[in-house]
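A.B. asks: For reference, the structure I am asking about is given below.
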There are 2 protein chains.
Amino acid sequence: MENIYRVNMTDMTVKQEDVPEEWALLGGRGLTSTIVAAEVPPTCHPLGPNNKLVFAPGILTGTPSVQSGRLSAGGKSPLTEGINESNSGGTSAQLLARLGIKALIIEGLPKRDTWFNLHVNKDGIAIREETELVGKNNFAVIEAVEARLGKSTGILTIGIAGEFRMLSANISVKDPDSKIRSHGRGGLGAVMGSKKIKFITIDAEGAPGVKLADPDKFKIAAKTFAKALLDHPVSGQALPTYGTNVLVNIINEAGGLPTRNFTSGQYTAHDKISGETMRDNIVARGGKPKHGCHAGCIIQCSQVYPDRNGGYLSSGFEYETIWGLGADCCIDDLDIIAKADNIMDDIGVDSIETAVMFGVAMEAGIIPFGDGAGVLRLLTDEISKGTPLGRILGNGAGSVGRAYGLTRVPIVKNQSIPAYDPRAIKGIGITYATSTMGADHTAGYAIATNILNCGGYLDPLKKEGQVELSRNLQIATTAIDSTGMCIFVAFPALDIPECLPALTDMIGARFGVAFTVDDFIALGKKILKLEHEFNNKAGFNNAHDRLPEFFSYEPIAPHNVVWDFTDEEIDEFWNF
Amino acid sequence: MENIYRVNMTDMTVKQEDVPEEWALLGGRGLTSTIVAAEVPPTCHPLGPNNKLVFAPGILTGTPSVQSGRLSAGGKSPLTEGINESNSGGTSAQLLARLGIKALIIEGLPKRDTWFNLHVNKDGIAIREETELVGKNNFAVIEAVEARLGKSTGILTIGIAGEFRMLSANISVKDPDSKIRSHGRGGLGAVMGSKKIKFITIDAEGAPGVKLADPDKFKIAAKTFAKALLDHPVSGQALPTYGTNVLVNIINEAGGLPTRNFTSGQYTAHDKISGETMRDNIVARGGKPKHGCHAGCIIQCSQVYPDRNGGYLSSGFEYETIWGLGADCCIDDLDIIAKADNIMDDIGVDSIETAVMFGVAMEAGIIPFGDGAGVLRLLTDEISKGTPLGRILGNGAGSVGRAYGLTRVPIVKNQSIPAYDPRAIKGIGITYATSTMGADHTAGYAIATNILNCGGYLDPLKKEGQVELSRNLQIATTAIDSTGMCIFVAFPALDIPECLPALTDMIGARFGVAFTVDDFIALGKKILKLEHEFNNKAGFNNAHDRLPEFFSYEPIAPHNVVWDFTDEEIDEFWNF
């Protein structure tokens, strides 16, 4: 029996509610976005009493399927001021699913200036006052909570950035090694901070687990699905071998690796920060080249990156972070980037927002390009301490751009543009422009077809077909984000015919209903339109579906190209 | 013969152009908004190469009519990201009009990192490199320029805030006493700073002057108009006697004086900052209780406010500034407020944006409420120096709210709400919500009819009729802002039947056309809709026509009222 839990921080109550029939087949992004659209006033202040923070495991989370352990978090984003869904690995999603918690809705603001934690177990949810760990960062919280409650406890926590309600604050999720995964984008850590919840602990002892309506059908589909993942060259080979950072050399070669705050598409020192170099370092130093962010992951794109002495430096060390501090900030030292990544995990800031922000801060002259020590200092002495400069930086790239009156500020809907230049890889530019989340590569990963030859090939330098590509990918991704599956299942889903039907068969078998690929696409369309409608009511219109102006008048090397879509071409996106 | 001048800062050219026929009867706000709507891409970056800065004297500026010396400045606002028109007194408008300059359009950005000044005279406009006065503030610029070019030179200048491209930066205009009036709201000083123009000088020696098509008709109308101004109790008595600061006691009595960052509607120390106290100080210290901001002003609402020793402290010392630092920041000392006003003039920041910002900064805990010395210190040591904290503060109330994660941030379209609480004086709330300029009391001064019994009376605590009142006022104000008239002509225009026809007769006599009150209203409607359309294309929709959420859930003393208009009620505004 699944339930909705509603925690009200104003009157300090917890309610257990039945799942409304219309939410029965929803999970993950589909459910968080549906709840936010239904219950959050679109024009409310994101840090005020009327915003809500919603967590939901995916439809398939907690089942025996591989790759299904992602947790969705949703709310009105304080960064974009639109709807936000950000999903994460870690152990919490599966624990919540096993407890039968379909969604956890946190609403209201405490009346007193006191911090709290929430403890979730089979008997319900307790709201407890928290003093000891307030002001502490994420690794300290995880260590202390594990000492209190044991290693098997799931933990969702905010670092000091969330306490400061910084717009780059993420929500950190304990991973199987007691390290950190993140609901990174959109600043939901600030929403959790506004509600004065320092952390949420989850104890699944005695949990009923997830019931499958048709276990046999599920098993067959799950096997087909897992095989497809292992058979595909990206999910089966490239990602497990080099992690996501396999992309540095590929995107650099394509001329789409934004460098020195988006002033070039190639980085001369790309070799020093590449996935190949990273793997060599990991192997030479005795780290882990493969690692999963949740139980049941067979792609294992993660890793544990050690320092020169073999000690822990970082994990979940992703291409976008490495690109951002590497190429975009011109820091050609993986160890410094790993150290910064670890600090960002600890204080709880989105590493994409923060890395892009540092590129803008370098353009502003706060520190010079290439100044890795300066980045570490700004993280620890400014952002961590909430100084005025720290507030500017901790609120992201747009904040720095506004504070210093700059025009070369790579953001859409106030969220940083990640690691793929939209001038040289035009499909991803359409995703940045139109995504309901603000600039977000994961929303419709056109790199797949523009660069990686997945789902066919579309010339990245040409406009033709890119709007349709991004639209199809965003629809499918919205549905995938609802399943609890990691986004990398999209690669086999694009190329291996059995993959997507196996995924939808699992959904059907989970609930005992017929669920086809058409149903899956219909789900994606419905949720995407719902999010778009929320954003329009929150104050967005087509003028927000635009890239920053500088992309249209600053050509980028080596292809010497600008962003050249007309408004009308972009606005075709929403015609579905 | 009137001309349009176009200065291109990218290729350093000046073009003199004929006035297009459709602009012939336009001036002031009507002309700047028309040019901005026609020539500025609505989604451009306000500090980028595609924004323009436009100056235009009013239709009647340079004629013998009283009150007609206002200059309009227009562009895309870096503060609101919508259209901006801000008008100011001072001597420049009449000099430009006498030179036959209908509009000065400044476009592009310099290619080199060098500062410039523009010199305007009867032979055209020269672009000159400027080094000496870069980094200097406004009073130093005025002093140095007068030494270079003589006392009769008109000067438009930016202080250090404009050089820093801060969003509260204004454009300062030399007044008849070589003191300062300001294009205050909307941050156009940052646009001038982005174009690297430190100041503009205007020499009207040998200027042809403004030709009147029918001087006799003009003279008769001008006499009727001037009489109406002198006959009305607000423009003829209250404003000349106490200045705009007559309002402190009136608005306090009405329970609509926002106090302690908008948490109460009355200020216990109102007497210490009132217009009556101000007048007593001025008289006792030998200052000037009456003063005009431009030649031909007969209202003389301005004053020169001296210090205890009779030395200059400030002038153009307005109610909104005094309210903001006084009631809203709880600083009960007029001398400290005057000192702050003078610094704000000097560094070139909008005193409304800055005063409201300090209230928010006090709420953030940066300095305590009531800390006048702290305000002076933040102005001189932080904003003036462009420190990180100075950048946060210099970018206005919204910037401080976002930096510190606050929800009680009184802004609309990112511009500060001025000195009248919209919960207790509901008509002005409709103006704040719907104005194309962001929160702006001058856009449709409903205080007139809600509080001052001008144009009838409408209960400020009731919703009935307020939307229509604000609509009518905004339409009329848009037209008045096009004439070059000071906004205070609205009081007699509302109450004295001969006033508005005399104004339109002057326009007709100026151009030798029939120009009726209906034409005047049609002009106001047309320009207001044009501005609204620009804003919608720039990314606004109805969701931006809203007051901050806290007004709806925080009742204000003494009337214990909230902001209770529905979205549908507000959106009725645009049905005309």
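Coordinate-derived values only; no laboratory data. All of these numbers come straight from a predicted model, not from anything done at the bench. Cβ sites come from the backbone with ideal geometry, for glycine too, and all protein chains shown count toward neighbours.
A.B. asks: Note the full-extension length gain between B:E39 and B:Y312 as 0.36 nm times their separation in residues minus their Cα-Cα distance, in nm to one decimal.
C.D. replies: Working: separation 273, 0.36 × 273 = 98.28 nm, distance 4.26 nm.
Contour length minus the Cα-Cα distance gives 94.0 nm.
A.B. asks: Oh, and also: Hey, got the average number of other protein chain Cβ atoms within 10 angstrom for residues in B:389-395? Walk me through the numbers before you get to the answer.
C.D. replies: On the way: counts 5, 2, 10, 8, 1, 2, 6.
Counting other chains' Cβ atoms within 10 Å and averaging over B:389-395 gives 5.
A.B. asks: P(r) for chain B: what percent of alpha-carbon pairs falls in each 20 Å bin, starting at zero?
C.D. replies: It works out to 23, 61, 16, 0, in whole percents.
A.B. asks: With the crude spin-label approximation of a point 7 Å out along Cα→Cβ, what separation in nm comes out for B:T387 versus B:A147?
C.D. replies: 3.0
A.B. asks: Roughly what would the spin-label model give for A:K111 and A:K217, points 7 Å off Cα along C-beta, in nm?
C.D. replies: For the pair A:K111/A:K217, the computed spacing is 5.1 nm.
A.B. asks: Sticking with this structure for a sec: Highest mean first, what order results for A:202-215, B:44-57 on Cβ atoms within 10 Å? If you can, show how the numbers build up before the last one.
C.D. replies: Details: A:202-215: 16.6, B:44-57: 24.6.
Per-residue Cβ counts within 10 Å, averaged per peptide and sorted highest first, yield B:44-57, A:202-215.
A.B. asks: Just counting partner chain Cβ atoms within 10 Å, what average do the residues of peptide B:156-166 show around their Cβ?
C.D. replies: Mean shielding count: 1.
A.B. asks: DSSP beta bridges in the protein assembly as shown, what fraction antiparallel, as a percent rounded to 5? The partial results should precede the final answer.
C.D. replies: Working: 92 of 116 bridges.
Within the protein assembly as shown, antiparallel bridges account for around 80 percent of the total.
A.B. asks: Across peptide B:203-209, how many C-beta atoms of other chains are within 10 Å of each residue C-beta, on average? Show your work: numbers first, answer last.
C.D. replies: Numbers: counts 0, 0, 0, 0, 0, 0, 0.
Neighbouring Cβ atoms belonging to other protein chains average 0 per residue here.
A.B. asks: Then there is this: So if the hydrodynamic radius of the stretch A:245-421 is defined as the Kirkwood radius over C-alpha pairs, what does Stokes-Einstein give as its diffusion coefficient at 4 °C and 1.567 mPa s, in µm² per second? All intermediate terms of the calculation are to be shown ahead of the outcome.
C.D. replies: Working: Rh = 16.1 Å.
Rounded, D is 80 µm²/s.
A.B. asks: Give me B:C330, A:C329 sorted ascending by neighbouring Cβ count inside 10 Å, so fewest comes first.
C.D. replies: Numbers: B:C330 20, A:C329 30.
Taking fewest neighbouring Cβ atoms as first place, the list is B:C330, A:C329.
A.B. asks: Could you state the principal axis extents of the C-alpha atoms in the stretch A:3-202, from the largest down, to the nearest angstrom?
C.D. replies: Projected onto the principal axes, the Cα atoms of the stretch A:3-202 cover 41, 39, 29 Å.
A.B. asks: Classify the stretch A:1-40 as rounded, prolate or oblate, taking a ≥ b ≥ c as the square roots of the eigenvalues of its Cα gyration tensor: rounded when a/c is under 1.5, otherwise prolate if a/b is larger than b/c and oblate if not.
C.D. replies: Numbers: a/c = 2.58, a/b = 1.42, b/c = 1.82.
It is oblate, given that a/c is not under 1.5 and a/b is not larger than b/c.
A.B. asks: Under 30 Å between alpha carbons: how many lysine pairs meet that in the stretch A:245-421, if sequence neighbours fewer than 8 apart on the same chain are excluded? Kindly include the intermediate steps, with their values, before the conclusion.
C.D. replies: Numbers: A:K272/A:K288; A:K272/A:K290; A:K272/A:K339; A:K288/A:K339; A:K290/A:K339; A:K339/A:K385; A:K339/A:K413; A:K385/A:K413.
Total qualifying Lys-Lys pairs in the stretch A:245-421 comes to 8.
A.B. asks: Let me ask you something else. Inter-copy label distances at A:P64, 7 Å along the Cα→beta-carbon direction, one decimal in nm, shortest first?
C.D. replies: 10.0
A.B. asks: Take the Cα radius of gyration of the protein assembly as shown and divide it by 2.2 N^0.38 Å, with N its residue count; two decimals is plenty. It would help to have the intermediate numbers written out before the result.
C.D. replies: Working: Rg = 30.8 Å, N = 1152, 2.2 N^0.38 = 32.0 Å.
Taking N as the residue count of the protein assembly as shown, the ratio is 0.96.
A.B. asks: Put a point 7 Å out from Cα along the line to Cβ at A:K288; what are the distances to that point in the other copies, in nm, shortest first?
C.D. replies: Spacings between copies for this position, smallest first, are 7.8 nm.
A.B. asks: Also: For B:P41, place a label point 7 Å from Cα along the Cα-to-Cβ direction in every copy; what are the distances to the other copies, in nm, shortest first?
C.D. replies: Those separations, rounded to one decimal, come out as 3.7 nm.
A.B. asks: What is the gain in length, in nm to one decimal, between A:D333 and A:D280 on full extension, counting 0.36 nm per residue of separation less the C-alpha to C-alpha distance? Don't jump to the answer; show the numbers that get you there.
C.D. replies: Working: separation 53, 0.36 × 53 = 19.08 nm, distance 1.39 nm.
Contour length minus the Cα-Cα distance gives 17.7 nm.
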